[in-house]
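Chemist: Submitted below is the structure of interest, expressed as C-alpha cells.
The values are calculated or read from the model by the stated rules, or taken from the named source; none is laboratory data. This one's a predicted model, so the numbers in the text were calculated from it and none came from an experiment. Cβ: placed from backbone, ideal geometry, glycine included. Neighbour counts: every protein chain shown. Note: areas computed on protein heavy atoms with side chains; ligands, DNA, RNA excluded. Shrake-Rupley method; radii C 1.70, N 1.55, O 1.52, S 1.80 Å.
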Amino acid sequence: INMGAYGGTAQASRGSGAMVFHVDVHNGSDSNLGLQPDEAFVSIGQAVEMASHGDYVLVWPGVYHEEISYAGKAITIQSAADAATVSAPTGYAFAFNQGEGLRSVLRNFILSNCPTGAVFCEVSSPTLQNLTIVNNGIGINAEENANPSISNCVFWHNLTGDVFGCTANYSCLFSPDGIGNIHRNPLFADFNNEDYHLRSKFGRYWPEHNVWIVDEASSPCLDRGAPGVYPFEEPLYNGARLNQGAYAGTGYASMSPPHNPADINADGMVDFLDFAEFAESWLQP
C-alpha cells in the first residue's frame, strides 16, 4: 500500500508491478477496489477501465451479460477458476478495435448466446486462446487489417460461421484453413444445458455437484491444443498436451488416458512420426 491520503484507494499512484483485478458477478460491486477476491468488481468492463498496460483481470465463475472493449490496452483477461461465460445482449462480447497487439490477451472463457458475434477485431492483433465459442451469430469477425492469433479454441453452432477474415490453429471448427485443426463433434458434457466441459472416459469435472465423473466416450478435443505448451495445471493424466476449449490449461480440464512413453510427439498414436522424432534427436547433446 502507498503512504499518504490516497493509500489503498483507486486514486493511489501506480507502482512498477502489474496489478491483478478480480471480477465476481455473484459477490462483487463496482464500488469496490477490485484488488482482492472479496473486494471484486461486479463487471468486467469496470476492471478494464481501471487496468493499465501489463495488468491482469481474473474473472470468477458466472454468466456476465456485457459488451467489453479492450480500449487499446495490453492486458490479460482470463477466467480465475472454472470457466466464466460472457454473453453479449446485442453486440459483440469482446471488441478489439483500438490497435491492440499480441499482448492484449483473452483466454479461458465461454462466449455464447451473442446474437451479433463473440469477438470483433479491427486494425488489431490480439491473442485469443482457450475459448469455447458456441451459439453466436458469428464466432470471430476480423476486419480491416486485423490479424488475431487464435489457438486452442472450440467453435460450435455459430449461425453465420466460426471465423471470418482470420485463421484459427489447433482448434475445433468448420474452416479447413489453419494448422492442426479438427472438424468433429466436440462432445460437450451437456450441450442443451450449457455445460461445455469435454466428455472423458478418464475423468470430467461436473460443476453442478463439484465432483469428477467418467463418461462412456472421450471428446476428440482432448490433447489437441498447440504442441510445445505443457499443460501444467491440467490434472493428471493430461497427455502432456493442452486440450482445446475454455478449460484448457486449467485444473478443470477433462483428463486423458495414461501417457504412453513411446508416443513421443503426444498425438495419441505410436507410429513412424514418433520414430522420426526419436531418430532426429539420436546422439544429439
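Chemist: Can you pull the accessible area of W156 for me, 1.4 Å probe, Å² to the nearest 10?
Modeler: About 40 Å², rounded to the nearest 10.
Chemist: State the label only: which of (1) 38, 28, 19; (2) 33, 21, 20; (3) 41, 22, 18 corresponds to semi-axes √(5λ) of the Cα gyration tensor in Å computed from the shown model?
Modeler: Computing semi-axes √(5λ) of the Cα gyration tensor in Å and matching it to (1) 38, 28, 19; (2) 33, 21, 20; (3) 41, 22, 18 gives (2).
Chemist: Calculated from DSSP H runs of 4 or more alone, at -39500 (n - 2.57) each and per residue, what is the 222 nm mean residue ellipticity of the chain, nearest 500?
Modeler: -1500 deg cm²/dmol
Chemist: For the stretch 70-208, just the Cα set please: Rg and Dmax, both in angstrom.
Modeler: According to the Cα coordinates of the stretch 70-208, Rg and Dmax are 14.3, 44 Å.
Chemist: Continuing with this model, one more query. What is the Cα radius of gyration of the stretch 162-285 over 2.2 N^0.38 Å, N being its residue count? Could you put the intermediate results ahead of the total?
Modeler: Details: Rg = 15.7 Å, N = 124, 2.2 N^0.38 = 13.7 Å.
Relative to the 2.2 N^0.38 Å estimate, the stretch 162-285 comes out at 1.14.
Chemist: To the nearest 20 debye, what charge dipole does the chain have about its Cα centre, counting +1 at the Cβ of each Lys and Arg and -1 at the Cβ of each Asp and Glu?
Modeler: The dipole magnitude comes to about 240 debye.
Chemist: Using a probe of 1.4 angstrom, how much of the accessible area of the stretch 1-117 is carbon and sulfur, in percent?
Modeler: Ligands and nucleic acids excluded, carbon and sulfur reach 52 percent.
Chemist: What percent does the relative contact order of the chain come to when contacts are Cα pairs within less than 8 Å and at least six residues apart?
Modeler: 10
Chemist: Would you work out which of A248, Y237, V270 lies farthest towards the positive end of the dipole of the stretch 222-285, given +1 charges on the beta-carbon of Lys and Arg and -1 on that of Asp and Glu, about the Cα centre?
Modeler: Towards the positive end, the residue furthest out is A248.
Chemist: With the dipole of the stretch 125-206 worked out from charges on the C-beta (+1 for Lys and Arg, -1 for Asp and Glu) around the Cα centre, which of Y170, H197, S149 lies farthest toward the positive end?
Modeler: Value: H197.
Chemist: For E49, tell me the accessible area in Å² from a 1.4 Å probe, rounded to the nearest 10.
Modeler: 130
Chemist: Using a 1.4 angstrom probe on the protein heavy atoms only, could you order I264, I44 from most to least accessible area?
Modeler: Largest to smallest exposure gives the sequence I264, I44.
Chemist: Let me ask something additional. Over its Cα atoms, what ratio of radius of gyration to 2.2 N^0.38 Å does the stretch 39-142 give?
Modeler: Rounded to two decimals, the normalised Rg is 0.95.
Chemist: Taking loop as defined by DSSP and a crowding limit of 12 other beta carbons within 10 Å, which chymotrypsin sites (Phe, Trp or Tyr not before Pro) in the stretch 196-285 fit?
Modeler: Values: sites: Y196, F202, Y205, W212, F232, Y237, Y247, Y252, F272, F275, F278, W282; in loops: F202, F232, Y237, Y247, Y252, W282.
Answer in residue order: F232, W282.
Chemist: If you count only protein heavy atoms with a 1.4 Å probe, what accessible area per residue comes out for the chain, rounded to a whole Å²? Mind dumping the intermediate values first?
Modeler: Details: 13950 Å² over 285 residues.
Per-residue accessible area for the chain comes out at 49 Å².
Chemist: To the nearest µm²/s, what D does Stokes-Einstein give for the stretch 142-205 at 10 °C and 1.306 mPa s, using the Kirkwood radius over alpha carbon pairs as Rh?
Modeler: Result for D is 121 µm²/s.
Chemist: In the stretch 110-205, which GluC sites (Glu not before Pro) are in a loop and have at most 13 other Cβ atoms within 10 Å, using DSSP for the loop call? Working shown, then result.
Modeler: Details: sites: E122, E143, E144, E194; in loops: E144, E194.
Here the sparse-neighbourhood loop sites are E144.
Chemist: Tell me, what is a quarter of the convex hull surface for the C-alpha atoms of the stretch 95-137, in nm² with one decimal? Mind dumping the intermediate values first?
Modeler: On the way: hull surface 11.3 nm².
Approximately 2.8 nm², given one-decimal rounding.
Chemist: With charges only on Cβ, +1 for K and R and -1 for D and E, what is the dipole size of the stretch 156-244 about its Cα centre, in debye, rounded to 20? Show your work: numbers first, answer last.
Modeler: On the way: 6 positive and 11 negative charges, 60 e Å.
That gives the stretch 156-244 a dipole magnitude of about 280 debye.
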